[in-house]
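I have placed the structure first, in the form of structure tokens, so that the comments after it can refer back to it.
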Amino acid sequence: MKTARCSVLAATALTLLLAISPALSAAPLKVGDTAPLVQGKNQDGHTWKLSSQIGKKIVLLYFYPKDDTPGCTREACGFRDRLADLKKQNVEVVGVSFDDTDSHQQFIEKYKLNFPLIADTDGKIADAYSVRRPGKDVDRRVSFLIGLDGKIVHITDNSSADVHLNEMKAAVEGMTGH
């Protein structure tokens, strides 16, 4: 009887833990995995869908902690400054954070960003990509390069914005030959 009660308590505790923290229940993505087909609202309130880009564009989907903070601004401005070259290589840059559409709009206007920012206020996109910081409504700095076939080609999981910019540049060049 005591063993059965312990088993029920353990099962209940595990169920609650997984319900509270969806990021813990999702296995980390790796190169070669199919990218989760997420969608969300961009800075203008329009729906952006990854599925609409598969087969048309290489997608550089990057997650960042917070609009208008030093590291996130450095990363966003770095992608902004490289966007012309990335577009020549058929790459679409898309940023994702827990910030809302108004915050994204202000961030874009302040730094003249030229790519969409997706508002993931409920964390569903972060959880699908296993990038939520444990116990917080904040993303880790993680970038995913997604090929035309919808498979993840490269992942950069590092707190340094410069590492993301350099690794993604090299990964795109490796895919496209330029």
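Pairs spanning more than 30 Å between alpha-carbon atoms, out of Lys41/Lys169; Lys87/Lys136; Lys30/Lys88: Lys87/Lys136. Here's the picture: a label point sits 7 Å out from the Cα of Lys56 along the beta-carbon direction, and within segment 135-174 the residues with their amide nitrogen under 15 Å of it are 148-150. Please list, in order, the residues from segment 104-137 whose amide nitrogen is less than 19 Å from a point placed 7 Å along the Cα→Cβ vector of Asn158. The answer is 131. Based only on the alpha carbon positions, what is the Kirkwood hydrodynamic radius of segment 57-145, in angstrom? Mean inverse Cα-Cα distance, inverted, gives 13.0 Å. Dividing the alpha-carbon radius of gyration of segment 102-178 by the rule-of-thumb value 2.2 N^0.38 Å gives 1.23. Straight-distance candidates among the aspartates and glutamates for linking to Lys57, with alpha-carbon spacing under 18 Å and chain neighbours fewer than 8 residues away dropped: Asp33, Asp85, Glu92, Asp149, Glu173. Using the Karplus relation 6.51 cos²θ - 1.76 cosθ + 1.60 with θ = phi - 60°, the per-residue 3J(HN,Hα) values for segment 127-140 come to 5, 4, 9, 6, 10, 5, 5, x, x, 9, 9, 9, 7, 6 Hz, with x marking Gly and Pro.
Using only the Cα atoms of segment 56-99, build the gyration tensor, take square roots of its eigenvalues as a ≥ b ≥ c, and label the shape rounded, prolate or oblate: rounded if a/c is under 1.5, else prolate if a/b is larger than b/c, else oblate. Intermediate values should be presented prior to the final figure.
On the way: a/c = 4.02, a/b = 1.67, b/c = 2.41.
Cα axes put segment 56-99 in the oblate bin.
Determine the shape class of segment 28-176: with a ≥ b ≥ c the square roots of the Cα gyration tensor eigenvalues, call it rounded for a/c under 1.5, and otherwise prolate if a/b is greater than b/c, oblate otherwise. Rounded, because the longest to shortest axis ratio a/c is under 1.5.
Ile108 sits among other residues whose Cβ lies under 10 Å from its own Cβ, and their net charge, with Lys and Arg +1 and Asp and Glu -1, is 0. Under 19 Å from a label point 7 Å along Cα→Cβ of Val31: give me every residue in segment 43-74 with its amide N that close. Those under the cut-off are 58-63.
Arrange the peptides 74-84, 141-151 so that the one whose residues have, on average, the most other Cβ atoms within 10 Å appears first. Walk me through the numbers on the way to the answer.
Values: 74-84: 17.1, 141-151: 19.5.
The packing order, highest mean first, is 141-151, 74-84.
No lab work stands behind these numbers, since they all come straight from the coordinates. The model shown is predicted, which means the values in this text are computed figures rather than measured ones. All Cβ positions, even for glycine, are placed from backbone atoms using ideal geometry, and neighbour counts span all protein chains on display.
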